[in-house]
Structures are given as C-alpha cells and as structure tokens.
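Undergrad: The following block contains the structure, expressed as structure tokens.
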Amino acid sequence: MLTKVAVVATATALSFGVAAPASAEVTAAALPAASMEAVLKAAQIDPRRADSALTPGAKDSVLLVEQALAAKGLLDQQYVDGHFGTSTITAYSSYQKSLGYTGIDASGLPGKTSLEKLGDGRYTVTATVAAGSRLTYHGETMNTRTKAMLVKAEGLLGRQLTITQGSYNPGGVGASAGTHDGGGALDIGVEGMSSATRTDVAKKLRQVGFAAWVRTPAQGFAYHIHAIALSDPDLSSGAQHQAGDYYLGYNGLAGRGSDDGPAVSPKLTWEEYQRS
C-alpha cells in the first residue's frame, strides 16, 4: 500500500515528466511467489500419504495457497500446514466450482488460471505448467505436453509406439477406472515386444516424466503399458492418485502393491527432465 507521502511524490513526479521514486512503486515482485510445479507435485502426493508429511520443496508454496483458501472460508485453519492433503483438495475443488468450473476442471488439482485468481493480491504464480491444447497423435487424443513427452521417449527408444487409448476419454474403457477421463493418460500397445523391451519402454517413459507400468495378465489385464504424465494439470482424480502412488513407490493399482516397474532416480516431471 502506498503511503500518503509516496502518493504525493508519485503525482509530483508524473506532473514534471520524471520517474517516480522507487519507494512509490508497487509491483508483483513485492508479493511472495507460489511455484505451480511445487503445488502440483504436493497435490498429487500428499493426499495419498498415510500421514501428514510434507512434499520436499513444496511447503512454502502450499502454505500460500492454503492461506488464501482459508481467507475465503473454504479451509479450516487447522489444515493450513503446508500439506496438500484431502482437506485441501476438497477446499480447492470448492474454489474451482465457485469460479464456475465443472468436471475435471474442478477436481481439486490446481491449474494456472485458478491459482492466479486465488492468489490475486496475495501471491504471484511462478513455474507454471500448461497442458496445452488437445490434438491427435498416433490416432489418439492427447494434449500438447503429453505429445512432447511421448515424442521424446520415442526418440530415446529409437522407435515409434502404438497408442491403444489416449486421453480425454471418459467412459472409454471400464478397466481404466476413469484414469483416462482427463489429460496425461496413455495406454501403449506392446504386441511383438519381448519382456525386456516392454521394461525398457516403461523405463524411457519414466525418464521423461511419466509414471509408467507394464500391466500384465496376472493383474487382470492384457499386456500393455499404462502411462500417466506427472503433474499434468488436466489429470483426472484417478490419474492424480496414480501419479501420487508412483512417487510413493506403489504400482498405481487399487490394491496399492509395491511398484513393479523399472527403477529410475530421481523421479522427474517433464519440466524437471528438460532442465536436467
């Protein structure tokens, strides 16, 4: 807020065509910054934790979001703790609905526009993540970010992959349990691949930012690879849960068995991979 003196100084400077003193300038830089990357990561992982542990590097950004939700009466003060758990997810979903969002746009997973609106006058949003527009690649629907990730994985593999189910496919395959209702979800055909090749494909997908598992008949599936683009802001709730489980060392299935996929370390998002 400008003091009376600062307001007068600014007005005087403008009337004489000179620059206003620096003390009179109020810019977004004066506000704290909330990293969208950090908030998204916490919103995937924290609801899947058995405790209230914090996602490393996310606390400060999550606190800014929770404080803003509490100020709107959507989140009880006891949950303003830097842990983006189920209470915060529910509160954020309520905020999205108050903006008129529905469906996956009101899942409680923060998007750039809603984060910026929530932070108006309270914080700025940095490290933004965009799903991009919907398009068709290899005959299936996905978004720009997912395609870029897939193309990079194909480059690492030296081969193109067959997509058997894309994204934004609500009700498409019952066994998918809604994970393909939003963005960032792919099923990849493995016909003709050896076990070692299937594992290598899953590993390359993981390296560029997918949570990826080889699904097997023993799990009740025909062989295929299921992949979720980590931190895609269009993820369905089911895909969001699978992403969180991947970080926590689970296999992404309802029984939450141990991760049976190829080990990669660290587990990177697409944005982190590009910076690595």
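The values are calculated or read from the model by the stated rules, or taken from the named source; none is laboratory data. Here the structure is a predicted model, which is why all the values come from computation and not from measurement. No Cβ is skipped: glycine too gets one built from the backbone with ideal geometry, and neighbour counts run over all protein chains shown. Remember, those area values only see protein heavy atoms, side chains included, never the ligands or the DNA or RNA. Shrake-Rupley method; radii C 1.70, N 1.55, O 1.52, S 1.80 Å.
Undergrad: Six or more apart or on different chains, Cβ atoms under 6 Å: show the pairs whose first residue is in the stretch 44-69 and over 16 Å from Leu31 (Cα atoms) and whose second is part of a helix (DSSP H, G or I) and open to solvent by 80 Å² or more (accessible area, probe 1.4 Å).
TA: Listed pairs, sorted by first residue: Pro47/Thr86.
Undergrad: I've got another one for you. Pick out the one residue from Ala211, Ala202 that is within 25 Å of the chain's Cα centre (by Cα), surrounded by 24 or more Cβ atoms within 10 Å (Cβ to Cβ), in contact (Cβ under 8 Å) with a residue 40 or more places away in the chain and part of a helix (DSSP H, G or I).
TA: Ala202
Undergrad: Still on this structure, please answer the following. Applying the selection to the stretch 154-183, what residues are of a type outside the set (Asp, Glu), farther than 18 Å from Gln242 by Cβ and not in a loop (DSSP other than H, G, I, E, B)?
TA: Correct list: Gly155, Leu156, Leu157, Thr162.
Undergrad: Okay, next question. List pairs: first residue in the stretch 110-122 and under 20 Å from Thr90 (Cβ atoms), second residue part of a loop (DSSP other than H, G, I, E, B) anywhere in the structure, Cβ distance under 6 angstrom, at least six positions apart or on different chains.
TA: Listed pairs, sorted by first residue: Gly111/Pro233.
Undergrad: Separate question: Would you be able to say whether some residue in the stretch 111-122 is farther than 23 Å from Asp181 by Cα, of a type in the set (D, E, K, R), crowded, with 23+ Cβ neighbours inside 10 Å and within 19 Å of the chain's Cα centre (by Cα)?
TA: no
Undergrad: May I pose another question? Which condition number does Ser93 fail, the rest of (1) open to solvent by 60 Å² or more (accessible area, probe 1.4 Å); (2) within 19 Å of Arg48 (Cβ to Cβ); (3) among the polar types (S, T, N, Q) being met?
TA: Status for Ser93: all satisfied but (1).
Undergrad: Which of the residues that make up the stretch 230-276 are among the polar types (S, T, N, Q) and either open to solvent by 30 Å² or more (accessible area, probe 1.4 Å) or farther than 20 Å from Thr216 by Cα (or both)?
TA: Ser231, Ser236, Ser237, Gln240, Ser258, Ser265, Thr269, Gln274, Ser276, listed by residue number.
Undergrad: Ok, one more. Go over the candidates Asp232, Asp245 one by one and state the one that is under 28 Å from Gly111 (Cβ atoms) and assigned to a helix (DSSP H, G or I).
TA: Exactly one of Asp232, Asp245 is under 28 Å from Gly111 (Cβ atoms) and assigned to a helix (DSSP H, G or I), namely Asp245.
Undergrad: Of the residues that sit in the stretch 54-83 and are within 19 Å of Gly249 (Cβ to Cβ) and open to solvent by less than 40 Å² (accessible area, probe 1.4 Å), which one is farthest from the chain's Cα centre (by Cα)?
TA: His83
Undergrad: What tally of residues in the stretch 134-149 results from selecting those that are within 15 Å of Ser231 (Cα to Cα) and in contact (Cβ under 8 Å) with a residue 24 or more places away in the chain?
TA: 6
Undergrad: Next question. Within the stretch 229-248, is even one residue without any contact (Cβ under 8 Å) to a residue 60 or more places away in the chain and among the hydrophobic types (A, V, I, L, M, F, W, C)?
TA: no
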